[in-house]
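Engineer: One structure coming up, written as structure tokens, with questions to follow.
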Amino acid sequence: MFPTVREVLALDPVRHGGPRVVAGAAGLDRRVRWVHAAEVPDIAALLSGGELVLTTGIGLPGDDAGLRAFIDELADVGVSGLLVELGRRYPAAVPRAMVTAAERRNLPLVELCRVTPFVPITEAVHGLILDAQLAELRATEEIHQRFTELSVEGAEPAEVVRQAAVLAGCPVILENLSRQVLAYDPAGESAELLLRGWEQHSRRIRPTGRTGYDPDAGWLCTTVGARGQDWGRLLLRWPSGEPPVATSAGPPTRLTILIERAASTLALGRLIRRDAEGLERQIHRTLLTALLDHTRPVDEVALRARALGVPLDRRHLVGVVVRYRADEAGAAPGGQARLRDLAEAVSQALREVELSGLASTLDDQAVGAVLALRDPGDEERALVAFAAALDRVRLDAGPATVRPYGVPGAVIVAAGSGVGTVREVRRSLIEARQVADAARRGRRDLPVYRLPQVGLVGLLHLLRDEPRLQTFVERELGPLLTHDAEHPREQLLGTLRGYLASGRNKSAAASAAHLSRPAYYERLARISRILRVDLDSVDDCLSLHVALLALDAVRDG
């Protein structure tokens, strides 16, 4: 970064001359690209902008109109400032006409009150410039090295954005073409202020070209994309500070290099992951995982979701889990692709019924979603509409994707209890996942499964990890299970199942087991002795039936 006029005035060779700013103080933060000493009035034709001009005034015009023209010509080419040594041409002060003209053009005009050699000033300033250029080269090399490493490592977009903010020392935002925030790093500033009203603010940022700086908004921006397919923008706020930030001085070259290099890394990562989930879906999964595992503060999750276009604050939130009825998604060949297709179908269904929410895969078997409703009274209607839309979307994807109940490919839509805060979403999601798992064991075919609808089998499945349920199973069936383990040729547990399944009709149960009634009755008698129960008792049989269902839940869990 080149030194400013203010920084030049603080150098020892300049301070030796007793500098005094007489006009254009508002322009003291202009950058000095070079120093040029001149004693001719038409020097402006030899300059290209950014120079600090040193003069004794000997060759300047003697009339006010000529002095004003001289100042205007310097300002027109964009010089950084003008230092005039007093004593030779102007004994006590520069002419008033110069001061007025410089103030009007916001051009820093500085008097050197003592005789000052220009060579030490030139050497000192050029030393600063060379040091700045060397530092710029080093910073550029670090940028290339850092982002090359990120490309090789296949870093996630959030990490690329974080590294860009670290290297720049400025807030960085990655957005999609709809102006929704995909990733951001506030660089130590307030994330709330940075993202407040982002979509409207982003639409007012209008850089020129593919990479450009909007001085009115104070944002450096570049387009992100590859192979002619742009999918987002990367923005860096310069200078860093509370909005609004407006500056006429553009960002240093290294920041332009940095943001373009970061954009290239993001575009390359997108190409590498083109067969995986879309970037928005990855962000959704990150947020859903954070809600389930508490890996991020809920306030941060809510902030990121709002920036993505899914407000969770002051909404009625419902956790939803969609999964295939058979455990085949993650394990079968192409299972992950089928699960991603299901996640995309869930997202499309949400869009079709105009529901706001997060949606992504949760694990190898299920897709999760959090619906954000404005009115709690719309919960049931919204869930039914979503389930119907999901059926339509999957049907449109191909006739083989929707199959009747009990056939691989059929899906279950389960919903947890609605909650009023982001902190409670975890409970709703966990309940929805448990209901989805339990619904797989049932025989009911419903558009949406809720906790009251999973039945006894589903309830026992929900409780399968509960030690008290496992103790109950052992107390009721333990002796019989031990007997069967010791007598593998005589499995009495199956006999008990058949008897209870027949409604305690001994004749029907014996016929179903292809045994004579005396042989079957003898087996039932042995079961009664082993378990010490009365198989003619309704209470005892009910207890055994529940224990058998619980045993199945524990074993299938």
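Engineer: What are the DSSP H helices in the chain that stretch 18 Å or more along their long axis, judged by alpha-carbon atoms, and whose average Kyte-Doolittle hydropathy comes to at least -1.0?
Structural biologist: Values: long enough: 64-77 (20 Å, 0.40); 118-153 (52 Å, 0.17); 253-272 (29 Å, 0.88); 279-293 (21 Å, 0.08); 335-352 (25 Å, -0.52); 379-397 (27 Å, 0.31); 425-439 (21 Å, -0.06); 467-486 (26 Å, -0.53); 517-531 (21 Å, -0.42); 538-556 (27 Å, 0.89).
Those that pass (Cα extent of 18 Å or more, hydropathy at least -1.0) are 64-77, 118-153, 253-272, 279-293, 335-352, 379-397, 425-439, 467-486, 517-531, 538-556.
Engineer: Shifting gears a bit: Sort segment 149-245 into rounded, prolate or oblate with this rule: let a ≥ b ≥ c be the square roots of the eigenvalues of the Cα gyration tensor; rounded if a/c is under 1.5, and if a/c is not under 1.5, prolate when a/b is larger than b/c, oblate otherwise. All intermediate terms of the calculation are to be shown ahead of the outcome.
Structural biologist: Details: a/c = 1.60, a/b = 1.17, b/c = 1.37.
Note, shape of segment 149-245 comes out oblate.
Engineer: Given a 1.4 Å probe and heavy atoms of the protein chains only, how would you sort Tyr521, Tyr499, largest accessible area at the top?
Structural biologist: Tyr521, Tyr499
Engineer: Moving to a separate point now. If you average 1/r across every pair of different Cα atoms in segment 351-396 and take the reciprocal, what Kirkwood value do you get, in Å? Display every interim value, and only then the final one.
Structural biologist: On the way: mean 1/r = 0.0863 Å⁻¹.
About 11.6 Å for segment 351-396.
Engineer: Kirkwood Rh and Cα-based Rg: tell me the resulting Rg over Rh for segment 78-225, rounded to two decimals. Kindly include the intermediate steps, with their values, before the conclusion.
Structural biologist: Details: Rg = 22.9 Å, Rh = 19.8 Å.
Computed over Cα atoms, the ratio is 1.15.
Engineer: What accessible area, in Å² to the nearest ten, does a 1.4 Å probe give for Arg285?
Structural biologist: 80 Å²
Engineer: Counting other Cβ atoms within 10 Å of each Cβ, which trypsin sites (Lys or Arg not before Pro) in segment 86-195 have at most 15 and sit in a DSSP loop?
Structural biologist: On the way: sites: Arg88, Arg89, Arg96, Arg104, Arg105, Arg114, Arg138, Arg146, Arg162, Arg179; in loops: Arg88, Arg89, Arg105, Arg114, Arg179.
Within segment 86-195, the qualifying trypsin sites (Lys or Arg not before Pro) (loop, at most 15 other Cβ atoms within 10 Å) are Arg88, Arg114.
Engineer: Taking the Cα atoms of segment 1-144, what is the range of coordinates along each of the three principal axes, in descending order and whole Å?
Structural biologist: Projected onto its principal axes, the Cα set of segment 1-144 covers 54, 30, 25 Å.
Engineer: How big is Rg to Rh over segment 483-557, alpha-carbon atoms, Rh as the Kirkwood inverse-mean-distance radius?
Structural biologist: On the way: Rg = 12.2 Å, Rh = 12.8 Å.
Over the Cα atoms of segment 483-557, Rg/Rh equals 0.95.
Engineer: Based on the Cα atoms of the chain, what semi-axes does the equivalent ellipsoid have, where each is the square root of 5 times one gyration tensor eigenvalue, given in whole Å with the largest first? Intermediate values should be presented prior to the final figure.
Structural biologist: On the way: eigenvalues 1283, 85, 71 Å².
Sorted largest first and rounded, they come to 80, 21, 19 Å.
Engineer: Ignoring ligands, DNA and RNA, what percent of the 1.4 Å accessible area of the chain is carbon and sulfur? If you can, show how the numbers build up before the last one.
Structural biologist: Working: 13760 of 26510 Å².
C and S fraction of accessible area: 52 percent.
Engineer: So if R0 is 22 Å, what FRET efficiency would Glu300 and Arg423 give, r being the distance between their Cβ atoms, rounded to the nearest 0.05? Walk me through the intermediate numbers first.
Structural biologist: Details: r = 12 Å, r/R0 = 0.57.
After rounding, the FRET efficiency stands at 0.95.
Engineer: Shifting gears a bit: Consider just the alpha-carbon atoms of segment 405-521 and return their Rg together with their Dmax, both in angstrom.
Structural biologist: 19.5, 63
Engineer: Going by accessible area, probe 1.4 Å, with all protein chains left in place, what is the ranking of Phe386, Phe472, largest first?
Structural biologist: On the way: Phe386 0, Phe472 40 Å².
These residues rank, largest area first, as Phe472, Phe386.
Engineer: Right, here's the next one. Going from most exposed to least, what order do Thr289, Thr495 have by accessible area with a 1.4 Å probe? Please list the in-between numbers first.
Structural biologist: On the way: Thr289 50, Thr495 10 Å².
Highest to lowest solvent-accessible surface, that is Thr289, Thr495.
Engineer: How large is the accessible surface per residue of the chain, computed with a 1.4 Å probe and reported in Å² as a whole number?
Structural biologist: Working: 26510 Å² over 557 residues.
Dividing the accessible area of the chain by its residue count gives 48 Å².
The values are calculated or read from the model by the stated rules, or taken from the named source; none is laboratory data. Predicted, not measured: the structure shown is a model, and the values here were computed from it. We place every Cβ from the backbone using ideal geometry, glycine too, and count neighbours over all the protein chains shown. Ligands, DNA and RNA are excluded from the accessible area calculation, which covers all protein heavy atoms including side chains. Shrake-Rupley method; radii C 1.70, N 1.55, O 1.52, S 1.80 Å.
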